[in-house]
Structure formats: structure tokens, C-alpha cells
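Presented below is the structure to which this report refers.
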There are 2 protein chains.
Amino acid sequence: MRGIVAFYLTYLLCLILGIICVALVVHWNYSYRGGFAWDGSAKHFNWHPVFMVTGMVVLYGNAAILYRIPLTWGHNKLPWKLLHAGLLLLSFILSVIGLCAVFNYHNANNISNLYSLHSWVGICTTALFTAQWVMGFSTFLLPCTPMSARAFIKPTHVWMGGIILVLSIVSCISGINEKLFFALKENTNGTLPYSALPPEAITANALGVIIVAFGLVVLKILSNQIWQRPETGYEEGVYQPLGYDGS
Amino acid sequence: MRGIVAFYLTYLLCLILGIICVALVVHWNYSYRGGFAWDGSAKHFNWHPVFMVTGMVVLYGNAAILYRIPLTWGHNKLPWKLLHAGLLLLSFILSVIGLCAVFNYHNANNISNLYSLHSWVGICTTALFTAQWVMGFSTFLLPCTPMSARAFIKPTHVWMGGIILVLSIVSCISGINEKLFFALKENTNGTLPYSALPPEAITANALGVIIVAFGLVVLKILSNQIWQRPETGYEEGVYQPLGYDGS
């Protein structure tokens with residue numbers, strides 16, 4: 001019982017931090033970077049951080065810890081599997097829109113693509129995420145996959161899930177850092193430089209710190225053995241191929 | 001037996017990646033950034049990436065996985081505990097020298113300290129590392145700490161150990177990315193911009209990718225249950241206060 005209370009308190013913290021991340025990334029780009037558009041201008045770029053933080057961090061992290069919520073521990077795992085896969089598909093779609101935003105902006109302004117270390121790590125993260133989703137779908141949702149294959153792949157799937165979140169956070173922090181050095185330069189329209197820590201710098205730095213805190217809470221939830229979904233008694237639900245459990 | 005072979009192959013990969021990290025960060029700063037000095041010049045700054053990557057990533061990662069090496073699984077854990085604490089102390093000292101390098105350089109050139117997101121994450125990482133080392137020493141090496149406290153704190157110590165490595169990698173990637181945007185600007189002494197991916201950019205980006213790969217291998221070694229030090233039969237060595245096991 002104490003474990004469940006501790007879980008829900010940690011989960012509440014995770015939800016609050018996730019909401020703050022989304023609010024802060026929107027606030028930063030809306031209030032300080034001029035807002036949003038889809039016209040090749042700087043406002044087009046502003047969708048990039050919003051979609052990447054919302055998709056690859058907040059939604060992804062929440063989808064990853066879905067099975068840790070005791071509410072989902074009923075006999076029939078299938079609806080939660082579909083929700084897990086569905087949320088991650090939505091997270092993937094948001095990430096692709098976020099990537100389109102930066103590629104479109106670069107192409108419209110003759111800026112090279114994929115040269116910075118941020119972009120190298122980011123694109124590898126998205127590629128890994130794609131592979132993970134396809135592998136997860138083939139293994140855990142296609143009825144033809146044998147249970148032995150599911151049991152064999154599950155630890156790798158769980159481990160990769162955590163690692164992709166770590167890589168997303170690496171990409172976000174390096175990206176926010178890079179953007180602030182680009183945007184906050186002395187004497188450009190009276191803007192204070194990053195080094196003077198104007199309100200925008202504090203806002204975006206705080207966003208970075210809260211993204212890290214959110215990631216750590218998700219990793220804590222994932223790693224805590226006590227909070228794992230109890231498999232005993234639910235085995236037939238765990239490795240049940242799609243449609244075999246009457247749903 | 002297969003587990004041990006797999007471990008040593010992964011460990012070999014970890015050692016090779018670690019050596020490449022150190023070689024690349026030295027090569028980058030020696031061959032492209034003008035080498036090293038301790039005189040407040042740009043060469044003074046160059047020690048920063050070298051000491052942080054060597055201390056907070058490579059040495060730290062190797063110290064973290066020490067107990068996973070089957071060679072260390074003898075009855076007496078104390079010498080390995082001392083080696084673990086000693087390597088981490090060395091890693092901490094190198095990190096402090098690395099921090100001194102950047103603070104000295106900034107102060108000598110009237111550059112603000114601790115304004116970027118990179119610096120915020122980095123300084124929090126070092127603070128956490130300090131707390132972790134002090135807590136680890138007090139808990140696992142001081143003879144007065146009761147075994148119950150050791151058993152209680154151990155999972156948090158192990159988890160924090162992995163998290164500090166993750167934060168070190170976040171700091172390194174954002175730092176390398178930032179440095180390349182600062183250093184590789186068009187028309188500065190004929191330097192090609194970062195976006196043109198000159199040899200220096202490829203070298204430092206590759207360093208970033210290999211730091212991430214090294215970190216993932218260390219996290220894989222730490223997380224693999226099969227490679228954990230077997231505690232059964234060694235319990236008296238595990239929570240033995242310093243000096244109580246005849247060494």
C-alpha cells in the first residue's frame with residue numbers, strides 16, 4: 001500500500017513536470033521568439049522545440065511508464081498495450097512534425113541540415129525510436145509473433161525505451177543551449193546577450209532543468225522494481241497475441 | 001560461462017571506446033584548438049573538455065562498472081571498494097581541475113560564469129557527484145555505519161551512479177556543441193563555419209557520438225542483471241565495515 005502511495009506521488013510529480021515542460025516551451029517560443037507560423041520564417045522554426053519536447057520527451061515519457069500505473073494492472077493487458085503503442089505513435093508523429101519544422105526552415109533559408117552534434121544525436125534518437133516502435137509493434141502486437149520471441153525481446157525493448165528517453169534529453173538540452181547562443185546576441189535589436197541572463201535565458205534554462213528533472217523521474221519510475229507490473233497471474237495477458245484474449 | 005564471455009567482450013568495447021574518447025578529446029584540442037597552457041588564454045580553456053571527458057565520463061564510467069568484472073568477485077570486497085572509491089576520487093579531482101580551467105579562463109577574459117544551460121547542468125552534475133562520493137564514503141567505507149543503513153542506501157547509490165553518468169553525457173554533448181558554434185565561424189582566420197563540416201567539426205562531432213556510445217555501453221553493463229556481482233556467499237564481504245574483514 002505504501003508502495004502504491006509513493007508511486008502515485010511520484011507519478012503526480014511526473015505529470016506536473018511534464019505539464020510545466022510543455023507550458024514553458026510554448027511560453028518561450030510564443031512570448032520571446034515571436035510565436036508560430038508555417039511559412040519558412042523564424043516562426044516556422046519555433047515549432048521545432050515545441051514538438052520535440054512535447055513528443056519526444058513528455059508524451060514519450062508518459063507512454064513509457066504506462067504499465068507502472070497500478071490502475072492498468074487488470075487481467076486484460078491488451079487495451080493498455082494499444083494505448084502504449086498509440087501514445088508512442090502520436091509521440092512519433094509529433095517528433096516527425098518537429099523535424100519537418102526545422103528541415104523546412106533550414107531549406108527555406110539556405111541553412112545546411114544535420115551538421116551540428118545536436119542534430120547528429122537528435123537524428124540518431126529519432127531513428128532508434130522508429131526502429132523501437134516498429135520492433136515493438138511486430139513483437140508485442142502482431143498475433144503471429146511467438147511468445148518465446150516476446151519474452152526474449154522484452155528486456156531489450158524496456159532498456160531501449162529508457163535509453164531513447166536519455167538520448168532525447170541529450171538532444172533537447174544541446175538544442176536549447178544552441179538556440180539561446182544563436183538568439184541572444186549583444187546589440188541585436190537591443191537584445192541582451194545570453195551571458196547577461198535576460199528573462200528569456202532564465203525561462204529557457206529553467207525549461208532545460210525541468211526537462212532533465214522530468215526525465216529523471218520517468219527513469220526512476222521505470223527502474224524501481226517495486227513499481228513493475230506484477231506478471232504472476234497475468235502471464236496469459238502479457239504475451240497474448242492481439243485478438244487472442246477476447247478483446 | 002557464455003555470460004562471462006559476453007561480459008568481457010562488452011567490457012573490452014567499453015575500454016576501447018573510453019580510450020578513443022580520451023584520444024579524440026586530446027587530439028581535437030591539441031591539433032585544432034592550439035594545444036594547452038595554464039595562462040588564462042584560449043589554450044587554458046582547452047583543458048576543460050579534456051579533464052571533463054577524461055574525469056567525469058571515461059574514468060567515472062570505468063569506476064562505476066568495477067564490481068561487474070568477474071575478476072573482482074573474490075571473498076574480500078574491501079580492496080575493490082577502495083579501488084572504486086579511489087578511482088572516483090581521481091575522477092572527481094580531474095573534474096575539479098577541468099572546472100578550474102574554465103572558471104580561470106572566464107575570469108581572465110571577463111566572461112560571465114554559469115549562465116548557459118550547459119553550465120547549469122554541468123555544475124549540478126558535479127554537485128551531485130560530490131554528494132554521491134561523500135555519501136558513498138560515509139555509508140560503505142566508514143566502519144561505524146550499520147549494515148542496515150548500507151543495505152538501505154545501496155540501491156539509491158547504484159541508481160544515482162548511473163544518473164550522474166547520464167548527466168555528465170548531457171553536459172559533454174551540450175558543451176562540445178556550444179564550443180563548435182563558438183570556434184567555427186565563417187571568415188575568422190579563414191576558418192570554415194561549423195555548417196560546412198570542416199575536419200575539426202567531424203572530429204569533435206565524432207567525439208560526441210563516441211562519448212554517447214561509451215555511456216550506453218556502461219549503462220548496459222550496469223543494468224544487466226546477469227552481470228551483477230553475486231552477493232550470495234559474499235554477504236560478509238559486501239556490508240563489511242572497513243577493517244572488519246582482516247584487511
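Taking one quarter of the surface of the C-alpha convex hull of chain B gives a mean projected area of 14.7 nm².
Straight-distance candidates among the lysines for linking to residue B:220, with alpha-carbon spacing under 26 Å and chain neighbours fewer than 8 residues away dropped: A:81, A:154, A:220, B:77, B:81, B:154.
For residue B:138 and residue B:9, a Förster radius of 30 Å and the Cβ-Cβ distance give a FRET efficiency of 0.25, rounded to the nearest 0.05. Residue A:198 label point (Cα plus 7 Å toward Cβ) to equivalent points in the other copies: 2.9 nm, shortest first. Calculated FRET efficiency, residue A:147 to residue B:108, Cβ-Cβ distance, R0 = 45 Å: about 0.10 to the nearest 0.05. What is the list of residues in the range A:1-40 whose amide nitrogen lies under 15 Å from a point 7 angstrom out from the Cα of residue A:69, following Cα to Cβ? Of the residues in the range A:1-40, A:7-19 have backbone N under 15 Å from the label point off residue A:69.
Among B:28, A:38, a tally of other beta-carbon atoms within 10 Å of each Cβ gives an order, fewest to most, of A:38, B:28.
With the label put 7 angstrom out from Cα along the Cα-to-Cβ vector, residue A:79 ends up 6.0 nm from the copy partners, going from closest to farthest. With its label point defined 7 Å out from Cα along the Cα-to-Cβ axis, residue A:100 lies at 5.4 nm from the matching points of the other copies, in increasing order. Counted by neighbouring Cβ atoms within 10 Å, the residues B:158, B:217 run from fewest to most as B:158, B:217. Here residue B:189 and residue A:182 are evaluated by their C-beta separation; at R0 = 30 Å the FRET efficiency comes out at 0.90.
The range B:21-76 and the range A:120-147 have Cα centres spaced 34 Å apart. Each Lys and Arg adds +1 at its Cβ and each Asp and Glu adds -1 at its Cβ; summed about the Cα centre, the protein assembly as shown shows a dipole of about 360 debye. Peptide B:102-113 shows a mean partner chain C-beta count of 1 within 10 Å per residue C-beta.
Partner shielding of A:223-229 amounts to 1, given as the average count of beta-carbon atoms from other chains within 10 Å of each residue beta-carbon. For residue A:43, go through the lysines and keep the ones whose alpha-carbon is under 16 Å away, minus same-chain ones fewer than eight residues off. Once the sequence-local lysines are set aside, what remains near residue A:43 is A:179.
We did not get these values from a lab; they are worked out from the coordinates using the rules stated. Since the structure is predicted, the reported quantities are computational estimates derived from the model, not experimental observations. Counting neighbours? That spans all protein chains shown, and the Cβs are built from the backbone with ideal geometry, glycine included.
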